[in-house]
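Novice: Right, I'll just put the structure down here and ask away after.
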Amino acid sequence: MSTGLVAGRLALVTGAGSGLGRAACQVLSREGATVIAADKNYDSVVETIKKHTALASGSNDTEHSAVELDVSDSSAVRNLVQTILKQYKSPPTIIVNSAGITRDNWLLKMSEEDYSLVQNVNLKGTFLVMQAFAKAMTEASLPGSIINISSIVAKYGNMGQTNYAGSKAGVIGMSQSAAKELGKFNIRVNAVLPGMIDTPIVKTVPEKVMQGMLRMVPLGRLGNPTEVAELITFLGSDKSSFITGASIDITGGW
Ligand SMILES: NC(=O)c1ccc[n+]([C@@H]2O[C@H](COP(=O)([O-])OP(=O)(O)OC[C@H]3O[C@@H](n4cnc5c(N)ncnc54)[C@H](O)[C@@H]3O)[C@@H](O)[C@H]2O)c1
């Protein structure tokens, strides 16, 4: 019998092939969950399960699974619900929406295509996954916890990120609204707002800009993906049983 904060729970993590999603898989499995790692990049989630998740839980990797998923594709999301129900006989009750992209540019130069791409993955993708899996949980009469990864730029904005900040502000409003609707099913929905975390997504920030940003972080460093994953796992667990509709900053004080 496994022990841990989320022992015996089934968790779905999107964007699980890299960064925060991969770290969430590691910590959730360390804390006893069975993890379904989903990403547009299939090879990357196979690696998450083989190299990282199994090691973290100290078990073999047969219970965990890796799946290819484009979160912006509604039929792919619906199909995934059915595939999981067939394989595990029950829907996941921890959902982590970590799939996200940036297409930064100045407002005056941003193409409509880059605007739409970012909304489709970050906002619509989170909506589709949340809707499909909340439905599966209510149909199975199971309580659950949905954790949507927003960003601190949703609150304060950031130069070059009108599309991204808009999508992430949308994630907060959507999470708060869903929390109000799903509370009666004992399904909690929370948004996590990371600052600058050391993952491939921040590697695109020029060094000079990065140094300027770090000066605004009281703790004076980038966050580690595991630090965010610990918060995600807490929100997935019963330790956070009275927290819903919240937007939690994890920024080193930025
Ligand atoms: N790293 C940071 O500093 C930071 C700060 C604030 C918010 N965030 C948010 O955290 C989340 C995770 O970011 P990260 O730093 O791990 O980035 P990352 O680039 O390391 O990982 C993102 C993952 O999402 C996957 N992905 C992209 N489009 C997808 C799609 N359509 N369907 C499924 N998967 C898709 C990518 O393949 C990748 O594996 C994102 O939503 C990001 O916006 C990150």
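Novice: What residue, among those in region 68-112 that are surrounded by fewer than 21 Cβ atoms within 10 Å (Cβ to Cβ) and of a type in the set (A, V, I, L, M), is nearest to the chain's Cα centre (by Cα)?
Specialist: In this case the residue turns out to be ILE101.
Novice: Cβ contacts < 6 Å: first residue under 23 Å from ASN120 (Cβ atoms), restricted to region 57-74; second residue modelled with pLDDT of 95 or more and in a loop (DSSP other than H, G, I, E, B), any location; separation 6+ or different chain. Result?
Specialist: Between residues of region 57-74 that are under 23 Å from ASN120 (Cβ atoms) and residues that are modelled with pLDDT of 95 or more and in a loop (DSSP other than H, G, I, E, B), the close pairs are ASP70/LYS40; VAL71/ALA99.
Novice: The conditions are (1) among the aromatic types (Phe, Trp, Tyr); (2) surrounded by fewer than 17 Cβ atoms within 10 Å (Cβ to Cβ); (3) under 16 Å from the mean Cα position of the chain (by Cα), and PHE234 fails exactly one of them. Which is it?
Specialist: PHE234 satisfies all of (1) among the aromatic types (Phe, Trp, Tyr); (2) surrounded by fewer than 17 Cβ atoms within 10 Å (Cβ to Cβ); (3) under 16 Å from the mean Cα position of the chain (by Cα) except (2).
Novice: Then there's this: Residue under question is ALA33, and the condition is that it be under 14 Å from the mean Cα position of the chain (by Cα), small (Gly, Ala, Ser) and modelled with pLDDT of 95 or more; does it hold? Let's see the steps before the verdict.
Specialist: Values: under 14 Å from the mean Cα position of the chain (by Cα): no; small (Gly, Ala, Ser): yes; modelled with pLDDT of 95 or more: yes.
So ALA33 fails the test.
Novice: Inside region 2-32, can you point out the residues that are more than 7 Å from the ligand (Cβ to nearest atom), farther than 12 Å from ILE95 by Cα, crowded, with 24+ Cβ neighbours inside 10 Å and of a type in the set (A, V, I, L, M)?
Specialist: If the condition is that a residue be more than 7 Å from the ligand (Cβ to nearest atom), farther than 12 Å from ILE95 by Cα, crowded, with 24+ Cβ neighbours inside 10 Å and of a type in the set (A, V, I, L, M), then VAL6, ALA23, VAL27 are the ones that fit.
Each row is one residue, and each column tells you yes or no for (1) buried (at least 19 other Cβ atoms within 10 Å of the Cβ); (2) in contact with an Asp or Glu (Cβ under 9 Å, 6 or more places away or on another chain); (3) under 17 Å from GLY15 (Cα atoms); (4) modelled with pLDDT of 95 or more.
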site: ASN163; (1), (2), (3), (4): yes, yes, no, yes
site: ARG188; (1), (2), (3), (4): yes, no, no, yes
site: GLY195; (1), (2), (3), (4): yes, yes, no, yes
site: MET216; (1), (2), (3), (4): no, no, no, no
site: SER240; (1), (2), (3), (4): yes, no, no, yes
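Novice: Take region 213-254 and flag every residue that is of a type in the set (Ser, Thr, Tyr) and assigned to a helix (DSSP H, G or I). Outline the logic, then answer.
Specialist: Taking region 213-254 as the starting set, the residues that turn out to be of a type in the set (Ser, Thr, Tyr) are 226, 233, 237, 240-241, 244, 247, 251.
THR226, THR233, SER240 - these are the residues of region 213-254 that are of a type in the set (Ser, Thr, Tyr) and assigned to a helix (DSSP H, G or I).
Novice: While we're on this one: Can you name the residue in region 52-67 that is within 15 Å of the ligand (Cβ to nearest atom) and among the β-branched types (Val, Ile, Thr) and, of all such residues, is surrounded by the most Cβ atoms within 10 Å (Cβ to Cβ)?
Specialist: THR53
Novice: Related question: Could you give every pair whose Cβ atoms fall below 9 Å, whose first residue belongs to region 195-210 and is under 19 Å from ILE248 (Cβ atoms), and whose second residue is of a type in the set (D, E, K, R) and within 9 Å of the ligand (Cβ to nearest atom), counting only separations of at least 6 or pairs across chains?
Specialist: Note: pairs meeting the criteria are THR199/ARG22.
Novice: Turning to a different aspect of this structure: Considering only region 117-128, how many residues are buried (at least 22 other Cβ atoms within 10 Å of the Cβ) and either touching a Leu at 6+ places or on another chain (Cβ under 8 Å) or of a type in the set (S, T, N, Q) (or both)?
Specialist: Going through region 117-128 one residue at a time, the tally reaches 2.
Novice: Ok, one more. Looking only at residues in region 81-98 that are in a loop (DSSP other than H, G, I, E, B) and in contact (Cβ under 8 Å) with a residue 60 or more places away in the chain, which one is nearest to the ligand (Cβ to nearest atom)? I'd like the intermediate steps shown before the answer.
Specialist: The initial filter retains those residues of region 81-98 that are in a loop (DSSP other than H, G, I, E, B), namely 89-93, 98.
Pick out the ones that are also in contact (Cβ under 8 Å) with a residue 60 or more places away in the chain and you get 90-93, 98.
Numbers: SER90: 23, PRO91: 19, PRO92: 16, THR93: 20, SER98: 4 Å.
Ranking the candidates gives SER98 first.
The values are calculated or read from the model by the stated rules, or taken from the named source; none is laboratory data. What you see is a predicted model, and the numbers here were worked out from it, not measured in a lab. FYI the Cβ positions are ideal-geometry reconstructions off the backbone, even for glycines, and counts take in every protein chain you see.
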